[in-house]
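The structure under discussion appears below in the form of structure tokens.
None of the figures in this text is laboratory data; all of them are computed from the coordinates on show. All of these numbers come straight from a predicted model, not from anything done at the bench. Note that each Cβ is placed from the backbone with ideal geometry, even for glycine, and that neighbours are counted across all protein chains shown.
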Amino acid sequence: QLQASGGGLVQAGGSLRLSCAASGRTFSTIAMGWFRQAPGKEREFVAGINWKGRATLYADSVKGRFTISRDNAKNTVALQMNSLKPEDTAVYYCAASRYSVIRPDNLGSDFDSWGQGTQVTVSS
């Protein structure tokens, strides 16, 4: 199970930190990711981190503003979001991969376990 938290309403330029607590799977052996879905749009990949936390991948739209991290001792993964823009408004989901590494060509199929989502709203 994945439980996301930390969403909210923030002004453009502000910051939010999302957190996801995982249980029920060997967390430290799997890659984790964050996705988002804005109203009327398809769900899109935001960021991913491999099992050791040494390799990360970001969508171009968030590169340099968002940072993904994980704490395997606490079974948590976080997404620090800075310099938020109105276009970042979406429901954010944490997800667990079937693999230990992020596979850039398989982002749509590798993640098979999803949290309930947390709303992020950025006002202009």
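Over the stretch 1-73, Cα pairs under 8 Å with separation of 6+ residues give a relative contact order of 21 percent.
Take the Cα radius of gyration of the stretch 56-112 and divide it by 2.2 N^0.38 Å, N being the number of residues; the result is 1.22. Restricting the stretch 34-124 to GluC sites (Glu not before Pro) that sit in a DSSP loop and have at most 11 other Cβ atoms within 10 Å of their own Cβ leaves GLU42.
Counting only aspartates and glutamates at least 8 places from LYS63 when in the same chain, those with an alpha carbon closer than 13 Å to its own are ASP88. The distance linking the stretch 1-21 with the stretch 31-103 is 11 Å (Cα centroid to Cα centroid, whole angstrom). Applying the criteria of a DSSP loop state and at most 16 other Cβ atoms within 10 Å to the chymotrypsin sites (Phe, Trp or Tyr not before Pro) of the stretch 20-115 yields TYR99.
The alpha carbon convex hull volume per residue for the chain rounds to 90 Å³.
Shape descriptor for the stretch 27-98: Rg over Rh equals 0.97 (Cα atoms; Rh from the Kirkwood inverse mean 1/r).
Within the chain, antiparallel bridges make up roughly 90 percent of the DSSP beta bridges whose residues both belong there.
When the chain is treated as a Gaussian network with alpha carbon springs shorter than 10 Å, the biggest mean-square fluctuation among SER69, SER100, SER23 belongs to SER23.
Give the relative contact order (percent, whole number) for the chain; include only Cα pairs under 8 Å separated by 6+ residues. About 36 percent, as a whole number.
So what's the net charge close to PHE35: Lys and Arg +1, Asp and Glu -1, counting the other residues with Cβ under 11 Å from its Cβ? Every neighbour counted, the sum reads 0.
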